[in-house]
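The values are calculated or read from the model by the stated rules, or taken from the named source; none is laboratory data. Remember, predicted model here, so these are calculated numbers, not experimental data. Reconstructed Cβ throughout: ideal geometry from the backbone, glycine too, with neighbour counts over all protein chains shown.
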Amino acid sequence: MINWVNQHTSGVKAIVGVRAALTPIMHFGAFWSSTTHMGGTVGWSTEKIEEIMQDGWLGSYMGAPIIALNQVFNNPYDYQPLLPTDKVMVIGHNVGEFITYGPEKYQEYVDNEPTPPYWNLSIYQQFGIIVDNAIGLGVLKVQTSY
């Protein structure tokens, strides 16, 4: 997917997913060769191995930074995960634009029950993301059972 995004955009910006979906990279990502094959031997990337030993995590893969998201749950009672654990996104440059929709809206009210009364003001604006170049956005389905 990284090669495909590199060929169709100006490069990979990041690899994004929850830690459960990105964990398989840890099984083989540290052992990419940092040198060429010379006489049948492989030079192991000691920098990447040291990074995993210090942080417990690999910070980049094939030159693309890895952004590991922490799982968010809907509430403490149901405890349903809100972020998918079986998808990893490979995001290219200039793939989307953040925009706002409409004017600011507000709600104002007074709660006369306490003394002195409470005055409340809520201001909000809706927002969203538009993907204007979907060819630079790749989604990989990951098997999370080990």
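Odds and ends about this structure:
- Of all residues making up the range 69-97, the number that are within 13 Å of the chain's Cα centre (by Cα), of a type in the set (A, V, I, L, M) and either within 28 Å of residue 121 (Cα to Cα) or assigned to a loop (DSSP other than H, G, I, E, B) (or both): 2
- Any hit, the range 38-58, residues being of a type outside the set (Phe, Trp, Tyr), under 16 Å from residue 88 (Cα atoms) and at pLDDT below 85: yes
- Scanning the range 98-146 for residues being modelled with pLDDT of 80 or more and either over 30 Å from residue 20 (Cα atoms) or part of a strand (DSSP E or B) (or both) gives a total of 28.
- Taken over the range 50-68, residues that are under 15 Å from the mean Cα position of the chain (by Cα) and either small (Gly, Ala, Ser) or surrounded by fewer than 12 Cβ atoms within 10 Å (Cβ to Cβ) (or both) amount to 4.
- Positions within the range 110-131 being of a type in the set (Phe, Trp, Tyr) and either exposed (fewer than 10 other Cβ atoms within 10 Å of the Cβ) or in contact with an Asp or Glu (Cβ under 9 Å, 6 or more places away or on another chain) (or both), in sequence order: 118, 119, 124
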